[in-house]
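What follows draws every value from the coordinates through simple rules; no lab data is involved. These numbers come from a predicted model, not from an experiment. Using ideal geometry, Cβ is built from the backbone for each residue, glycine included, and neighbour counts are taken over all protein chains shown.
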Amino acid sequence: MQDFTFWNPTKIIFGKNTVKAIGSEAQAFGRKALMVYGRSSIKRSGVYDQVVESLKEAGIQIVEYAEVKSNPVLSHTREGIELARREGVEMIIAVGGGSVIDESKSIAAAVKGQTDVWDYYAGSATIRDALPLLVVLTLAATGSEMNSGAVLTNEDTLQKFNIGSPHLFPKVSILDPTATTTVPARYVAYSAADAITHLLEGYFTGVDPETFIQDRFVESLVEAIMASTARILNDPEDYEARAAMMWAATWALNGFPTAGIGPHGFPNHMIEHSLSALYDVPHGAGLSIVLPAWMSYAARTAPAKYARFAAKVFRIEDKDQAAAAEQGIAALKGWFERIGTPTRLASFDISEGDLDRIAENATMLANKWGLTAYTKEVIAEVLRLCL
Ligand code: NZQ
Ligand code: ZN
């Protein structure tokens, strides 16, 4: 195990009907809040009414900012920053999934800064402060509710980039599994693929060979996500399964699974961000296409960890490590297909002629993230396995 610092200051309030705690939690941060949300889901589910009622009861003045799109974009974020400045809000309250939380993080940081928000994403400015952010989570997937990262698409340059700063950890995140009961089957499947990929990126790319705790933690969480996904698809009102999915997805990207594994990369996310930037693919759906292909590519040279994954998660035993690895990858891909998340680029009408453009786009992130082994040719090779 390598040395590490694990610091995660987000307060989690977890449980049935906890949405109504938002008002009393917000009181610690001021009297006026920008309430950020998406298109229509929170109004249809009733979460909107619960949040507004709780904030009003607590005496919090609300400035609403809606219409955050899935895969949030720069233009809408800039408008949110202007609104937050104009209204002099003291905190941001994000009510939604990863897109709403991420856009809220961008707004929270930029309101306190002196520069255009994209400068943080381009790497030409550093986040020095942010407004306090509180979250009411409605979709269990990205882990943004308990981490310090955010993602944003610049729709002019077609770049989907990320930022990270200790200032971006939400102060409080309310995780009420009942707020996710309305998440449709399609997004349940995409979200499972996202959370599993968060766990497996470090599991497969971490450099330390002695990852006794982290391996077992990741394998258990992957199994928990698979089991709860099956139960949710069978019965969308299954509270225990929604709760397990919510807590597992939060832990999948809160810094704990990668603590001690040493340097590691996120190559699947690197490639998927280009799919989202260019074709507006839902994040988890892009990952379920890239992950099995990337695993096949990576297992060719070092199959041992993939064979272990096959044994631990799918109970596949084969003395030939390469064969075991391939069987495990096929099992994961088959599971993605069964739950209804795509495994081929053709699902989004992306064909061989598009690969060059995607690979070109992905090299921007490869350079930014220092994934030097991922040349345009290597990325194109992985993409060919996604056809
Ligand atoms: O817009 P509304 O009407 O709210 O609908 C949303 C949206 O269409 C809907 N939804 C949310 N909660 C619902 C619901 N529908 C019914 N019932 C509910 N309770 O779901 C759709 C997708 O929402 P979105 O927030 O886009 O999904 P997700 O949570 O998967 O977030 C994706 C974004 O997060 C980024 C992704 O790249 C993408 O931009 N990520 C953020 C990360 C982070 N900050 O740590 C890490 C991830 O790897 C990821 O990159
Ligand atoms: Zn992700």
- request: Sorted from largest down, give the three principal axis spans of the alpha carbons of segment 11-179, whole angstrom values.
  value: 41, 29, 25
statement: Net charge (Lys, Arg +1; Asp, Glu -1) of residues whose beta-carbon lies under 10 Å from that of GLN50, GLN50 excluded, is -2
- prompt: Using r as the Cβ-Cβ distance of ARG338 and ASP318, and R0 as 22 Å, what FRET efficiency do you calculate, to the nearest 0.05?
  reply: 0.50
- request: Just need the Rg to Rh number for the chain, please, alpha carbons only, Kirkwood Rh.
  value: 0.96
P(r) weight above 23 Å for segment 300-387, C-alpha pairs, percent: 42 percent
message: If packing is taken as the average number of other Cβ atoms within 10 Å across a peptide's residues, how do 332-339, 305-312 rank, most packed first?
response: 305-312, 332-339
query: If all Cα-Cα distances of segment 143-253 are sorted into 5 Å bins from 0 onward, what percent lands in each bin, rounded to whole numbers?
result: 2, 11, 18, 19, 19, 16, 10, 4, 1
task: Distance from a point 7 Å along Cα→Cβ of THR301 to each backbone N in segment 322-340: keep the residues under 17 Å and list them by number.
output: 322
message: Quick check on packing: order 6-16, 203-213, 251-261, 148-158 by the mean number of other C-beta atoms within 10 Å, highest mean leading.
response: 251-261, 148-158, 203-213, 6-16
query: Okay, which of segment 335-375 sit inside 12 Å, backbone N to the point 7 Å along the Cα-Cβ direction of GLU381?
result: 373-375
- line: With T = 20 °C, eta = 1.002 mPa s and Kirkwood Rh from C-alpha pairs, the Stokes-Einstein D of segment 184-384 in µm²/s is about 125 µm²/s
- request: Provide, as a two-decimal number, the C-alpha radius of gyration of segment 93-147 over 2.2 N^0.38 Å, N being how many residues it has.
  value: 1.15
Computed Rg/Rh of segment 106-207, alpha carbon atoms with Kirkwood Rh: 1.00
- request: Could you compute the FRET efficiency for ASN17 and ALA230, with r as their C-beta to C-beta distance and R0 at 25 Å, rounded to 0.05?
  value: 0.45
task: Report Rg/Rh for segment 64-117, rounded to two decimals, where Rg is the Cα radius of gyration and Rh the Kirkwood radius.
output: 0.91
field: Within segment 238-258, backbone nitrogen closer than 13 Å to the virtual label 7 Å beyond the Cα of PHE6 toward Cβ
entry: 251-258
